[in-house]
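Everything on this sheet refers to the single structure shown next.
The values are calculated or read from the model by the stated rules, or taken from the named source; none is laboratory data. What you see is a predicted model; the values in this text were computed from it and never measured. Here the Cβ is made from the backbone with ideal geometry for all residues, glycine too, and neighbour counts use every protein chain on show. Accessible surface is based on the protein model in full, side chains and every heavy atom, while ligands, DNA and RNA are left aside. Shrake-Rupley method; radii C 1.70, N 1.55, O 1.52, S 1.80 Å.
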Amino acid sequence: YTILIADDHPLFRKGLKDMIQADPMMKVVCEANNGEEVLEFLSRHELPDLLILDVEMPKVSGLELCLTIQKKELPVRVIILTMYNEESMFNRIMDAGVSGYILKESALQDVLQGIRAVLGGKYFISPAISEYLLRRGQRSATSALSQPSLFDLTPMEKRSLSDISGPMA
């Protein structure tokens, strides 16, 4: 498997590369210091099997990269490595189409397991934040049940809307 690592901390990046390449089935094909270098690599080379991106990087962030990859529908899996342990950031990143979310504080324990899961077509979330995933699922189910529609508008709201946009069916 081919892997690209992007993190603006050289020491962390080297440790991650060494850990990954200890597995003979995995090869780090690119190390990038920022998101701009990732975009340049992706435009000039064959897509790696996996991108491991830090969220906070100079020039182009990991989140911006994920959104670009999602928009271009590139067939590559992404794991985000981050220090952010906030639910709002987790949701933004998951909405950007990533397959893995690993906290840097638990990277030693989680990264190889996460890489294997994601390369195997599964998702991986650091266990320390698994409750975010549960709440995300609950919100999604609740939202689907309570999705507002035109039928929920009051007669006055319907008249107001009709005045703005023309008669409603």
Could you tell me whether the stretch 28-37 includes any residue that is closer than 21 Å to ASP110 by Cα and surrounded by fewer than 14 Cβ atoms within 10 Å (Cβ to Cβ)?
-> no
Being touching a residue at least 40 places away in the same chain (Cβ under 8 Å), of a type outside the set (Val, Ile, Thr) and outside any loop (DSSP other than H, G, I, E, B) is the filter; apply it to the stretch 1-20 and report the residue that is nearest to ARG44 (Cα to Cα).
-> LEU4
Residue within the stretch 11-32 that is at pLDDT 95 or above, under 18 Å from the mean Cα position of the chain (by Cα) and over 27 Å from TYR132 (Cα atoms) present | yes
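Residue-by-condition table, conditions (1) in a loop (DSSP other than H, G, I, E, B); (2) free of Cβ contacts under 8 Å to residues at least 24 places away in the same chain; (3) closer than 19 Å to ASP7 by Cβ:
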| residue | (1), (2), (3) |
| --- | --- |
| LEU63 | no, no, yes |
| GLN70 | no, no, no |
| LYS122 | yes, yes, no |
| ALA128 | no, no, no |
Could you check how many residues of the stretch 85-116 are hydrophobic (A, V, I, L, M, F, W, C) and either open to solvent by less than 20 Å² (accessible area, probe 1.4 Å) or not in a helix (DSSP H, G or I) (or both)?
-> 9
Those residues that are in contact with a Ser or Thr (Cβ under 9 Å, 6 or more places away or on another chain) and of a type in the set (Val, Ile, Thr), I need them from the stretch 13-62; list them, please.
-> VAL28, VAL29, VAL55, VAL60
